[in-house]
Structure formats: structure tokens, C-alpha cells
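Please treat every number below as a calculation from the coordinates, not as lab data. Just so it is clear, the model here is predicted, and its values are computed rather than measured. Using ideal geometry, Cβ is built from the backbone for each residue, glycine included, and neighbour counts are taken over all protein chains shown.
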Amino acid sequence: MKNYLTASISASAIRHNIGVLRQRLDSGVKLCPVVKDDCYGHGMDVLYPVLSRLVDGFAVASPHEALALRRRGYKGFILCLLSAYFDELDVQDELVRQSITQTVMSRTALASIRAAAERVGGTAHVHLKVDTGMGRLGVPVSQTTDLIQSIHELTDVELTGIYTHFASADEVDKSSTLQQLDQFLSILPKSKKLMVHAANSAAAIDLPETHFNMVRLGIALYGYRPSEGLIQDVELKPCMEVEAKLIAVKHIPKGGRSGYGLTHEYTRDSRVGIVPIGYGDGYFRCLSDRAVVRIKGMDAPVCGRVSMDQMTVDITDIPAVKVGDRVEVISSDPTAPNSVENLACLAGTIPYEITCHLGHNIRHVLVD
């Protein structure tokens, strides 16, 4: 971790986002944030105390993420989205002991979970994932009824929920999502005791008919729109701002060059600053000569290639800049040229990828 790189995570923005998203839900609909990959790169260490008081459970990708939540003292609902049959037996056993809800998406997964329940002498709680058209993980719709019956025949595995995942809920055209919804409705058991969930962030915002009794919120929780294809408007607040310090200031004459490959040529006598962040810290190399940072409220263009742990910015037009000055690498203002959304657009990717890559090297702190 590099202490000179700081991601400030706004607790008030998280609370705001949860508040406006809950307003879209009927009373009794649970809100379960997806916190995989260290809260999409925002940092579980700083966000857990905030989220644990405001949500109705957590969804994680891996068994290790689930068990880490238990070690933090969380006693509520945890859903592990991936099956654990490739993990060590002691990990599989501990999921049952710790009452972590596991995903069944095949008979192989069911057999693995049942074996763990038998070894520890406990009951495993499971949710069945149904592939209604995503073409990824999940039991095919045609096999769902038989697999549900197989679970009901077991005494040490209890079906407590059923879910699916939408492939294109974030697009303007909702027809394929509604087809998936129809497929899901066609196989839903009639039991009112089951936790039923399908909505991701986009569906939670645009499609209230997909809410059932729980929604899984991902990117919207952290303040970013899932896409520009949303129909409904929702006032989200990005919760992360990344800053660094200038570590050097120098003059480069007209015609001089900088960076690997000397790809950037200065067309005037210039003053440049060195910022200690690069692709090794999650700031994409493809942003070379395209992105800007902000210093003293003014744009400083990135000059030349982004290196592994540093990059050069042009500060010629920003007076009185000196070593040690604050550099706003990523802004929490969604309209800023260095916002997560705009950097994602420049990089030809999505906000998820920008935030997820900013995790391991950068110190995260909770503010406001």
C-alpha cells in the first residue's frame, strides 16, 4: 500500500445512494449489496462499518470473502455467489458451520455442499441459481424443477432462496430482460418462504417488477450509473475520490519529449509535474496523452505514456504549482473530466473496471 496515494471514500455518499435506491423499493424488499472484489475496489475495510448498519445482508463472490465477513463479526445473511467445490474441504465445511448461504447451480455443486453438511453434522442453506438467458452460470430452466425436487429430498440441505441474473438490464431495450423475467417466473416455486431475487442495479432502478423480495445492488451502491441506457433518472453520488502528491516539477523546452518511447513532444516551453501513480496502481496505460488530472481546480493533461508507478502532467498553465501539491487523480464529481465515468469512456471500458483496479496499492480512508 502506498500512503502517498489516497482514495477518500464518502460515507455520506453511500448513505445517500442507499437512501435513494430504497425509495424505489416496496416495503419489505430487502437490499443486499454486492461487495465482491473488495467492494468493487472501494475497500471493505472502510465500508463495512457503514454498510453493516444499513443493509439486509451481503453478496460475495468467493467463500473466502464470505468467511472474512464472519471474522468481522457479521452475523446476518451472506450469500456466496460462486459454488465452493474447488475449494479445500475445510473451507467447504466452514461455510456450513458459519451458516453462509451457498449457491447451487448444478448437481455437482449440490453434491459438494451436501458432503460438507454431512461432514460437520449441520444443515446447509442454499439458493438455487437459474440461467434464464445469461448463458453463464446457473441451472438451465428445463432442469430447474428436478433439481429443486432433489434438494427437497435431502435432510441436510435446505433451499432458502432462488435467483437469476440479467444480461442486459442496463440497456434501453428491455425486451431480452423481460424475456428472462418470464423464464424465471415460469419456474418459481409457490413457496412464500423463499428469498427470490433477480434485480441488479439497473433492474432495481428501471424495472420494479423484478424486485421480488430482495435486490442485489452493485455499482449503483457506490454512486455510478450502470450505463447510459437507464430509462429512469436517479441521483447517485460517486463515493470515491483519488488523490496523490506532486513529487517533482521540472521545465522541458519546446521540442522536448517525455515518457517511454518519447511519444509526447512539447510544442512550447513547458512546466511539467510528476505524479506517483501508474498502471501498477490501477491507472490505465491507455489513458496516456488522453486523460487529465486536476491541480488547484485546473486541468493538467497527462503527457506521454503512463508508467507503472508514475506519470507526467503538463502544469504550464497552472501558476504557483510546487512539489507536494495535491493532485486530484479521480474526481467524485460525475461531470468532471477526471471522473470515473469519463475515464471509463476514454479507456473504452465501464466504471466497474476503473474502480476495481484501484484497490490494492492505494490507501483507503473513510470521510464524512
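Using amide H atoms built 1.01 Å from N in the peptide plane, name the residues 5+ places from residue 293, or on other chains, whose amide H lies under 5 Å from its own.
Long-range HN contacts for residue 293: 300, 302.
Which lysines, if any, have their Cα less than 19 Å from the Cα of residue 237, not counting same-chain residues under 8 positions apart?
Residue 237 reaches no qualifying lysines.
What lysines sit close enough to residue 2 to cross-link, taking a C-alpha to C-alpha distance under 18 Å and skipping anything fewer than 8 places away on the same chain?
245
Based on the inverse mean of 1/r over its pairs of different Cα atoms, what is the Kirkwood hydrodynamic radius of the stretch 121-263, in Å?
18.6 Å
Quick check: Cα centre of the stretch 105-121 to Cα centre of the stretch 1-68, how many Å?
29 Å
Which whole-number percentage describes the relative contact order of the chain, with Cα contacts under 8 Å and a sequence gap of 6 or more?
On the way: 805 pairs, mean separation 71.7, N = 368.
Here the relative contact order equals 19 percent.
Given 20 °C and 1.002 mPa s, compute D for the stretch 11-222 with the Stokes-Einstein relation, Rh being the Kirkwood radius over Cα pairs; round to the nearest whole µm²/s. Don't skip to the answer; put the middle values down first.
On the way: Rh = 17.5 Å.
Result for D is 123 µm²/s.
I'd like the trypsin sites (Lys or Arg not before Pro) in the stretch 94-173 restricted to DSSP loop residues with at most 15 other Cβ atoms within 10 Å, sorted by number. Kindly include the intermediate steps, with their values, before the conclusion.
On the way: sites: 97, 107, 114, 119, 129, 136; in loops: 136.
Those satisfying the criteria are 136.
Give the distance, in whole Å, between the Cα centre of the stretch 228-294 and the Cα centre of the stretch 305-344.
What the calculation gives is 5 Å, centre to centre.
Quickly estimate the mean residue ellipticity at 222 nm for the chain, helices only: each DSSP H run with n ≥ 4 gives -39500 (n - 2.57), and the total goes over all residues, rounded to 500. If you can, show how the numbers build up before the last one.
Values: 11 runs with 102 residues, N = 368.
After summing the helix terms and dividing by residue count, I get -8000 deg cm²/dmol.
Using amide H atoms built 1.01 Å from N in the peptide plane, name the residues 5+ places from residue 327, or on other chains, whose amide H lies under 5 Å from its own.
Hits under the 5 Å cutoff: 244, 245, 246.
Which lysines, if any, have their Cα less than 25 Å from the Cα of residue 254, not counting same-chain residues under 8 positions apart?
Straight-line reach from residue 254, under 25 Å: 296, 322.
Please report the base-10 log of the normalised intensity I(q)/I(0) for the stretch 3-79, using a Debye sum with one equal scatterer per alpha carbon and no solvent, at each q in 0.27, 0.28 (1/Å).
Those come out to -1.41, -1.46, one per q.
Mean separation of Cα pairs under 8 Å and 6+ residues apart, divided by the residue count of the stretch 178-304: what relative contact order is that in percent?
Numbers: 157 pairs, mean separation 18.0, N = 127.
Relative contact order here is 14 percent.
Report the Stokes-Einstein translational diffusion coefficient (µm² s⁻¹, integer) for the stretch 295-368, Rh taken as the Kirkwood radius over Cα pairs, at 10 °C with viscosity 1.306 mPa s. Let's see the in-between values first.
Values: Rh = 14.0 Å.
Result for D is 113 µm²/s.
5 Å is the cut-off here: which amide hydrogens, built 1.01 Å from N in the peptide plane, fall below it relative to residue 316, excluding neighbours closer than 5 in sequence?
271
If contacts are Cα pairs under 8 angstrom and at least 6 residues apart, what is the relative contact order of the stretch 11-222 in percent? Can you show the working numbers first?
On the way: 367 pairs, mean separation 42.6, N = 212.
Rounded, it is 20 percent for the stretch 11-222.
Output ³J(HN,Hα) for the stretch 77-86: one whole-Hz value per residue in order, computed from phi by the Karplus curve 6.51 cos²θ - 1.76 cosθ + 1.60 with θ = phi - 60°, and x for Gly and Pro.
Here the 3J(HN,Hα) series is 5, 10, 10, 8, 6, 10, 6, 9, 6, 8 Hz.
Please say if the stretch 211-368 is rounded, prolate or oblate, where rounded means a/c under 1.5 for a ≥ b ≥ c the square roots of the C-alpha gyration tensor eigenvalues, and otherwise the choice is prolate for a/b larger than b/c and oblate otherwise? If you can, show how the numbers build up before the last one.
Numbers: a/c = 2.28, a/b = 2.08, b/c = 1.09.
Verdict is prolate for the stretch 211-368.
Given (i) 53, 49, 42; (ii) 78, 43, 38; (iii) 57, 44, 30 as candidate values of Cα extents along the principal axes in Å, which corresponds to the one derived from the coordinates?
Given (i) 53, 49, 42; (ii) 78, 43, 38; (iii) 57, 44, 30, the structure-derived one carries the label (ii).
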